[in-house]
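No value in this document is a laboratory result; all are computed from the given coordinates. Fair warning: this is a prediction, and the values are worked out from it, not measured in the lab. Here the Cβ is made from the backbone with ideal geometry for all residues, glycine too, and neighbour counts use every protein chain on show.
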Amino acid sequence: MENNFRNTNLNDIESATIVNERSLFASVFTWMFLALAVTTVCSLLFAYNPDLGQLLYKYDEFGNRIGTSMIGWVVMLAPLGLVLVMNFAFNKLSFVALMGIFFGFSALMGISLSSIFLVYRLDSIGVVFASTSALFGIMAVAGYTTKTDLTKMGSLLMIGLIGIVISSLINMFMRSDTMGYIISIISVIVFTGLTAYDVQKIKALAQANDGSSDFKKMGVMGALTLYLDFINLFLSLLRLFGKRD
């Protein structure tokens, strides 16, 4: 009887853990896919609606584009500010407020990404997006199913991410195509690995599920993390394989 009692408790715990994992991942991927949809819609609107697109740039008297407008700079820089708000004000924000900021962030990202439609062919963007989705899906499954602890790999990848940011800032002034190409290759490697690492991290969080409001907010933060992995992987692959107009 004692053994049966212990086995029953163990089975109950395992079942509860599985339910928690499915619940959290359902929340994470729902918010992530909705955010990607918002990004796509906003990107297309600003890419193919001339009146909206012109708000992002400055033009000379002949109608030639000569730089980025004030609105354009706000759209470019505001997403970083919103990510910082979500991270540092996490405990103070309500679930609804956090979700609102997340979707505002995804909309601004879509507007800033509208420029890719001016540079790359539409069919090329579609192919790279599909390739990114396939690669992202494979690494997400790998991160969820692997028994290997990816913590050490995650630490190395974060160092690589810092290197990418610094190198990208330097290349903004150097404008080296070769350096940009190398950065894109490293970015693909880093964000591919981070996808698996972040999925495993989210899986570990599911074990602490207590149904609280803070835990529900973790679903939004998990969606933000994977959204950033996806977008950066997509942009890196696009710079490497995208066909320009």
Roughly what angle does helix 122-145 make with the longest principal axis of the chain, taking Cα atoms, 0 to 90 degrees, to the nearest 10? 20 degrees
Give the Cα extents of the chain along the principal axes, in whole Å, largest first. 88, 37, 31
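At a 10 Å Cβ-Cβ cut-off, how would you order 65, 239, fewest neighbours first?
Going from least to most buried by this count: 65, 239.
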Please go through the residue pairs 152/201; 152/216; 147/216; 147/203; 147/201 and name each one whose alpha carbons sit more than 18 Å apart in this structure. 152/216; 147/216
How far, in nm, would the chain grow between residue 34 and residue 66 when pulled straight, counting 0.36 nm per residue and subtracting the alpha carbon separation? 8.1 nm
What's the angle, to the nearest 10 degrees (0 to 90), between helix 70-88's Cα axis and the longest principal axis of the chain? 20 degrees
Calculated from backbone phi, Karplus (6.51, -1.76, 1.60) coupling profile of the range 44-53 in Hz, x at Gly/Pro: 5, 4, 7, 7, 10, 10, x, 4, 6, x
How large is the dipole of the range 2-241 about the Cα centre if only Lys and Arg carry +1 and Asp and Glu carry -1, each at its Cβ, rounded to the nearest 20 debye? 200 debye
Under 5 Å between amide H atoms, partner at least 5 residues away or on a different chain: which partners does residue 68 have, H built in plane at 1.01 Å? 58
Relative contact order, percent, of the range 2-241 when contacts are C-alpha pairs under 8 Å separated by at least 6 residues? 29 percent
So how tilted is helix 177-206 from the main axis of the chain? Cα-based, degrees 0 to 90, rounded to 10. 30 degrees
Across the range 98-106, in residue order, what do the Karplus-derived ³J(HN,Hα) couplings come to in whole Hz, using 6.51 cos²θ - 1.76 cosθ + 1.60 with θ = phi - 60° and x for Gly and Pro? 4, 5, x, 5, 4, 6, x, 4, 5
Over the chain, the sum of -39500 (n - 2.57) across DSSP H runs of at least four, divided by residue number and rounded to 500 deg cm²/dmol, gives at 222 nm -28500 deg cm²/dmol
Amide H contacts of residue 120 (H built 1.01 Å from N, under 5 Å, at least 5 apart or other chain): 245
Give the residue from 130, 174, 197 lying farthest towards the positive end of the charge dipole for the chain; charges sit on Cβ (+1 for Lys and Arg, -1 for Asp and Glu) and the dipole is referred to the Cα centre. 174
